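Heads up, the thing below is written out as structure tokens.
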Amino acid sequence: MTPERKESIVRNWYKFSAGGASVVGLIIVIVIIILAIFAPIIAPYPEDAGAVVKFSESKLPPSSKHLMGTDTMGRDVFSRLLFSLKGTLLMGVLVLAISVPIGFIVGVLAGYYRDTWIETVLMRIVDIFLSVPALVLALAIASIMEPNLRNSMIAITIMWWPWYARLTFGVVSSLRTENYITYAELTGAGLGHIIVKEFLPNTIDQILTKMTLDIGYVIIMGATLSFAGLGEQPPIPALGNMINDGVKFLPDMWWLTIFPAVTIILIVLGFNLVGDGVGNIFNVEGN
Amino acid sequence: MSEVILELKNLKKYFPLPGGQSVKAVDGVSLKLFKGETLGLVGESGCGKSTIAYTVVGMYGATEGEIIYKGTNLAQKGYKRNLQQKGEIQIVFQDPGSSLNSRRNVGKSLELPLKIHTKLNKQERQDRIDELLELVGLPVDFKKRMPRNIGGGERQLVSVARALGSNPEFIILDEPTSALDVSVQAKVISTLIHLQEKLGLSYLFITHDLSLMRNVATRVAILYLGRLCELAPTAEFFHRPLHPYTQMLLSSIPVATDEEEKVKPAQIISEGEIPSPVNVPSGCTFHTRCRDCMDICKVEVPVMIEIEPSHYVCCHKFKEGEPIAAEVE
């Protein structure tokens, strides 16, 4: 590692950790990732992630044997929670991994061809998506497809990319008239060079900041679809369908609902704090 | 004089406005640029200097007229410049803040023209970048620096080095020093002069700073509202300016010493402001501010005449073949 590289890492860590909250967020996120990866090892009752019925142990409140109690079929809530984390995180990462490149390409083309029909067509399509409430659109899309985790991700991706298109469009259309872009055009650089080498380095800060902030919101959206029965189907555990199962038994069997709900809150909080820190590195205002 | 590199023939560039009118930014400019010279193009803000630069370099298409570069008309409708022409005609912009991508280091910015216009491999490109930096008098380790970490003058020198990357013959300098501190200006100018001698470059030097032209330009052209007023070799231009507008400009240069004060023409208070290029005055465009305005000036557009060898002027006061009137001194 060169000294400059080392120095820049130290400086970025200093900016990231300013205030301390982002470090807490980072710890939460790392713990959740570790729990998700090692769920089969950590979970006290790994078999409970499937369709198991143990009537003798059903509806038990939290105890040392069942940290978060058991559900109506006698399955360990803590074990099911651990197994649901993987799908939850995958949802956040995959949705963004697909929607961010799509949004970037659409936004950069619309911004680069500002004031032409290309901008008009692309940005009006973006406007149409943005004008429908996100959740309503996702519910509508998910409900016309077979309900499972993959299709709920597709539904969220479809309504998520326009935000990145608009973000990129805003940045690129203001950079469009910078002299270095003009110079690249005049000297004969291709569109690929201009997009990847000139625009992308200037847009990446905002995109990365928004991505880390967005993972949490995507996860909420995924949990909402799953709560509505449009995500992962039982018996496979997901935070949303676990809450849905537990809601009927409130307030007596509070542990069925509270623990998955708190988990969602922790995940979203963690990613948001990390997002704020990433924003501090790049001097981007969080939303 | 030597070979003509660039010739503008009656070049016009209008920008249409909503409502049928148009901004006549450049309205019939004809001039020649010879190999190895520096042609200073001087005028007030909004007179069309930069529009000429951008039209020649290919940012805008010309509305009318011809831009003949080495025998090819670049302004022809539908004519796409080939890669070689894009490399041979280069530009250095006015604003050093926006001419380099703030997210790419100096070396990467310098590599772009090399990637496009040369067949050098990766290592050869790095060597060439070192060479280019040395040419403009910057240390080699600048290629790892980011634009925000170097000064305005240094950024401008990097822009010059970048323009040299494609081995150009002709560089358009669009007010390359007007955004810089005076102390830094001198360094950039002397580097430009040095490069011209070494590489045989031709410059179209656009500026509003007449006193700078005295030391830099081979010939000076004065532009007013998109039309040329006067074009003369530098010594002749400063010694005997003919056009009333030129005289007004020269008399308004601030001077520091008594010797300079003596050479300076008598102070002519400039009247009025530059009219809008949307509603150009009839006849001679300068008649609204001219102290020698005659009746003919308001009606008839004057034509450019060669009043003395290579001294051109565009004013009704002068007729081809007639001796220059005494009132000039």
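No value in this document is a laboratory result; all are computed from the given coordinates. In this text, all values refer to a predicted model and were calculated from it rather than measured experimentally. Heads up, the Cβs are rebuilt from the backbone with ideal geometry, glycines too, and the neighbour counts pull from every protein chain shown.
For region B:52-65: of the residues being aliphatic (A, V, I, L, M) and within 12 Å of another protein chain (Cβ to nearest Cβ), which is farthest from B:Arg214 (Cα to Cα)?
Per the stated criteria, the residue is B:Met59.
Out of all the residues in region B:171-186, which are under 24 Å from B:Gly46 (Cα atoms) and either touching a helix residue (DSSP H, G or I) at 6+ places or on another chain (Cβ under 8 Å) or hydrophobic (A, V, I, L, M, F, W, C) (or both)?
Residues satisfying the conditions are B:Ile171, B:Ile172, B:Leu173, B:Asp174, B:Glu175, B:Pro176, B:Thr177, B:Ala179, B:Leu180, B:Asp181, B:Val182, B:Gln185.
Here's the yes/no breakdown for (1) charged (D, E, K, R); (2) surrounded by fewer than 22 Cβ atoms within 10 Å (Cβ to Cβ); (3) within 11 Å of chain A (Cβ to nearest Cβ):
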| position | (1), (2), (3) |
| --- | --- |
| B:Gly40 | no, no, no |
| B:Ser50 | no, yes, no |
| B:Ile67 | no, no, no |
| B:Tyr79 | no, yes, no |
| B:Gln85 | no, yes, yes |
| B:Ile89 | no, no, yes |
| B:Ser98 | no, yes, yes |
| B:Ser102 | no, yes, yes |
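Within region A:199-209, which residues are under 11 Å from A:Val108 (Cα atoms) and surrounded by 19 or more Cβ atoms within 10 Å (Cβ to Cβ)?
If the condition is that a residue be under 11 Å from A:Val108 (Cα atoms) and surrounded by 19 or more Cβ atoms within 10 Å (Cβ to Cβ), then A:Phe199, A:Thr203 are the ones that fit.
Starting from region A:61-81, keep only residues that are surrounded by fewer than 23 Cβ atoms within 10 Å (Cβ to Cβ), then list their pairs with residues that are in a strand (DSSP E or B) whose Cβ atoms are within a distance under 6 Å, requiring at least 6 positions of separation or different chains.
Within 6 Å, the pairs are A:His66/A:Asp76.
Looking at region A:172-214, which of the residues that are outside any helix (DSSP H, G or I) and at negative phi is farthest from the other protein chains (Cβ to nearest Cβ)?
The selected residue is A:Arg176.
May I ask you to verify whether B:Gly71 is crowded, with 24+ Cβ neighbours inside 10 Å and away from chain A (no Cβ under 14 Å)?
Taking the combined requirement at face value, the residue does not satisfy it.
What pairs come up if the first residue lies in region A:84-106 and is more than 25 Å from A:Thr203 (Cα to Cα), the second is among the polar types (S, T, N, Q), and their beta carbons are under 8 Å apart, counting only those six or more places apart or on different chains?
Matching pairs, first to second residue: A:Leu85/A:Thr263.
Would you check which residues across region A:57-78 are of a type in the set (Val, Ile, Thr) and touching a strand residue (DSSP E or B) at 6+ places or on another chain (Cβ under 7 Å) and list them?
Initial filter on region A:57-78 (of a type in the set (Val, Ile, Thr)): A:70, A:72, A:77.
If the condition is that a residue be of a type in the set (Val, Ile, Thr) and touching a strand residue (DSSP E or B) at 6+ places or on another chain (Cβ under 7 Å), then A:Thr70, A:Val77 are the ones that fit.
Across region B:104-116, which residue is farthest from B:Asn149 (Cα to Cα) among those that are at the interface with chain A (Cβ under 7 Å from one of its Cβ atoms) and surrounded by fewer than 24 Cβ atoms within 10 Å (Cβ to Cβ)?
B:Ile116
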